[in-house]
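Reviewing the structure listed below.
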């Protein structure tokens, strides 16, 4: 499957009661749309992201993000069609269509919709069964009741086989409440997947406070890493980004910085993203002799892209020599710089194995690292 996501962000959001459209408003220190985009960036199966914006808002998405920007239309349906036409002929097999104002979306919900498409459904969308009693009303009074059996509250992202939903939009006339309505008008069967009560859509002024409460629940991830490199010929070792004179060097495909390797693996582990070898294969000659700062920057950048910041870093270097103490503060500073975090969040320390094992025999150096990632 070749999956793209279309994020609909062309509306003016007048019901939200703010001068700036709701998708560009700050929510807990980040724009609403940035929180939405971070959720989709956390799903590896989504290869491309297209944001459909009002023509006046094109400059609100910076080019370096890698996100594709398309001008919206006069209606939501027209905006979605513009996004679909942009993807036409590009090899996309499936598309997820999501409202930017649903910024509390969790990656797990996106993955549930994708799983339904992978199982063969031509279309799938999340929804929640209606559990409250339903009334009809007029002039502020109850005039009747309605049967809630079989009723669902619709959510996004709504997923579709690409060619089918593009054809449905091309043949659809007028407006539609959502893309499921367009799909059903074209005869597509839509599978319902379990929705999420947190996946609210910011519509009215009070929804900002509600979203703020949902997002205030902190997601904490912990990762650990371990690495070893043997000694060989040389006169310098690089540890935690700092070159230290020594009577031997460390051997490895890159610069053999065990401290940065262990930390990088810890971050990848916290993100469930494997290890350095998955992202920088040792079989690839371009990484031979590479500065390990490159690996750490990639891992830390991936964490930020997923909506996390570093809570703390703890690195332990295990060796008899060289002595780490005189260089520990310099290492802390360098690690903080590379990882893009505060010095106060970084610990670098050392221990020996009391002359036991390969480190005790000074055959190599080992390092272990732990990292916590918390939602930004």
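Only the coordinates and a few stated rules stand behind these numbers; no lab work does. Since we're looking at a predicted model, the values are computed, not measured. Don't worry about glycine lacking a Cβ; one is built from the backbone with ideal geometry, like all the others, and counts go over all protein chains shown.
Listing for the model above:
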quantity: Which of 138, 337 has the fewest Cβ neighbours within 10 Å, and the rest in rising order; calculated: 138, 337
quantity: Ranked list, fewest to most other Cβ atoms within 10 Å of each Cβ, for 201, 323, 305; calculated: 323, 305, 201
quantity: Cβ-Cβ FRET estimate between residue 352 and residue 279, R0 fixed at 45 Å, reported to 0.05; calculated: 0.90
quantity: Alpha-carbon Debye profile of the range 151-289, log10 I(q)/I(0) at 0.19, 0.20 Å⁻¹; calculated: -1.09, -1.15
quantity: Antiparallel DSSP beta bridges within the range 3-215, as percent of all bridges there, nearest 5; calculated: 45
quantity: Nearest 10 degrees, 0 to 90: helix 328-339 Cα axis against the chain principal axis; calculated: 30
quantity: D_trans [Stokes-Einstein, Kirkwood Rh over alpha-carbon pairs] for the chain, 37 °C, 0.692 mPa s, µm² s⁻¹; calculated: 140
quantity: Structure-based [θ]222 nm, the chain - -39500 (n - 2.57) summed over DSSP H runs of at least 4, per residue, nearest 500; calculated: -8500 deg cm²/dmol
quantity: Antiparallel bridges, percent of DSSP beta bridges restricted to the range 220-375 (to nearest 5); calculated: 80
quantity: Residue order, fewest to most beta carbons within 10 Å, for 8, 258, 69; calculated: 69, 8, 258
quantity: Global size of the range 100-172 as Cα Rg and Dmax, reported in angstrom; calculated: 16.7, 48
quantity: Angle in degrees between helix 107-118 and the longest Cα principal axis of the chain, rounded to the nearest 10; calculated: 70
quantity: Gyration tensor (Cα) of the range 220-375, equivalent ellipsoid semi-axes in angstrom; calculated: 24, 17, 13
quantity: Gained length - residue 138 relative to residue 236, 0.36 nm times residue gap less alpha-carbon distance; calculated: 27.1 nm
quantity: Gained length - residue 170 relative to residue 90, 0.36 nm times residue gap less alpha-carbon distance; calculated: 27.1 nm
quantity: Compactness of the range 3-215, expressed as Rg and Dmax over alpha-carbon positions, Å; calculated: 17.2, 55
quantity: Centroid-to-centroid separation of the range 314-376 and the range 187-250 [C-alpha atoms, Å]; calculated: 20
quantity: Peptides 239-246, 193-200 ordered by average Cβ neighbours within 10 Å, highest first; calculated: 239-246, 193-200
quantity: The range 293-338 - Rg over Rh from alpha carbon coordinates, Kirkwood radius; calculated: 1.06
